[in-house]
Amino acid sequence: MASMKIHSLVLVLVALVMGPLAAVAGDPDILTDFVPPTTIGGPANITGDYFTFTGFRPKLIPTATFAVEKASLAEFPALNGQSVSYARLTFPAGTVNPTHTHPRASELLLVIEGALSVGFIDTAGKLYTKDLVAGDMFVFPKGLVHYQSNQGANLAVALSGFGSASAGTVSVPLTVFGTGIDDVVLAKSFKTDVATVQKLKAALTPPKKN
């Protein structure tokens, strides 16, 4: 019974977050070929190294949980003004990239290893899902709540391209249950009880350090 209540709560949650996401923004245009860093004295001192990102090279240490590695403006300054970025998503068996949004960009996902189940919800509340295998691509429209899940027994890896150098990520569970919103407010918002809200918060809020 408790699991049904939590499942229903999550469905209501996803539906309610769609309204505020209708207003999204994108990257501004630039008037030069690229934006040079201020630390190296201008374009004359730039080499191909500035336009190279090496953070996606293979790593020897496997991950036991879902992991995302980003090549966005924060990690790759050459993307400034280019309206593009990437992320590598690694899904060990049975892991999930929880429901989230990217307020400043659409996402184009390419599965390069294994298989993934993905989906997004539009502003009318309709859920679109698809099971993908290596070589398949799937687009998540800008600002819409979406997820990816590895329901198989093997590792899955995907690359995601974004139409922004800084797409932003808003985690639905963490934003609602991990930011200190009053328990009573959440219970009334999702038509559940405070105990259910506190159970969700406990799972999403890291313990306080002494």
Screening ALA78, ALA74, ALA115 for residues that are surrounded by fewer than 21 Cβ atoms within 10 Å (Cβ to Cβ), without any contact (Cβ under 8 Å) to a residue 60 or more places away in the chain, under 20 Å from GLY55 (Cα atoms) and among the small types (Gly, Ala, Ser) leaves only ALA78
Inside the range 175-204, the number of residues satisfying the requirement of being touching a residue at least 40 places away in the same chain (Cβ under 8 Å) and open to solvent by 70 Å² or more (accessible area, probe 1.4 Å) is 2
All conditions in (1) on the phi > 0 side of the Ramachandran plot; (2) without any contact (Cβ under 8 Å) to a residue 12 or more places away in the chain are true of ILE61 except (1)
VAL133 vs. criteria open to solvent by 50 Å² or more (accessible area, probe 1.4 Å) and either over 22 Å from GLY55 (Cα atoms) or without any contact (Cβ under 8 Å) to a residue 40 or more places away in the chain (or both): yes
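I'd like to know if the range 120-130 contains one or more residues that are in contact with a Ser or Thr (Cβ under 9 Å, 6 or more places away or on another chain), surrounded by fewer than 17 Cβ atoms within 10 Å (Cβ to Cβ) and under 18 Å from LEU89 (Cβ atoms).
Of all residues in the range 120-130, those in contact with a Ser or Thr (Cβ under 9 Å, 6 or more places away or on another chain) come to 120-121, 129-130.
Going one step further and asking which of them are surrounded by fewer than 17 Cβ atoms within 10 Å (Cβ to Cβ), we end up with 129-130.
Applying the additional criterion that residues be under 18 Å from LEU89 (Cβ atoms) yields 129-130.
Yes.
Give the range 144-165 a look and list any residue that's in a loop (DSSP other than H, G, I, E, B) and either touching a His at 6+ places or on another chain (Cβ under 7 Å) or open to solvent by 10 Å² or more (accessible area, probe 1.4 Å) (or both), or say none.
Going residue by residue through the range 144-165, those that are in a loop (DSSP other than H, G, I, E, B) are 144, 150-155, 163-165.
Residues satisfying the conditions are LEU144, GLN151, GLY152, ALA153, ASN154, LEU155, GLY163.
The values are calculated or read from the model by the stated rules, or taken from the named source; none is laboratory data. For clarity, every value in this text was computed on a predicted model and none was experimentally measured. Neighbour counts are summed over all protein chains in view; Cβ atoms, including those assigned to glycine, are modelled from backbone coordinates with ideal geometry. Quick note on the areas: whole protein, heavy atoms, side chains included, nothing else; ligands and nucleic acids left out. Shrake-Rupley method; radii C 1.70, N 1.55, O 1.52, S 1.80 Å.
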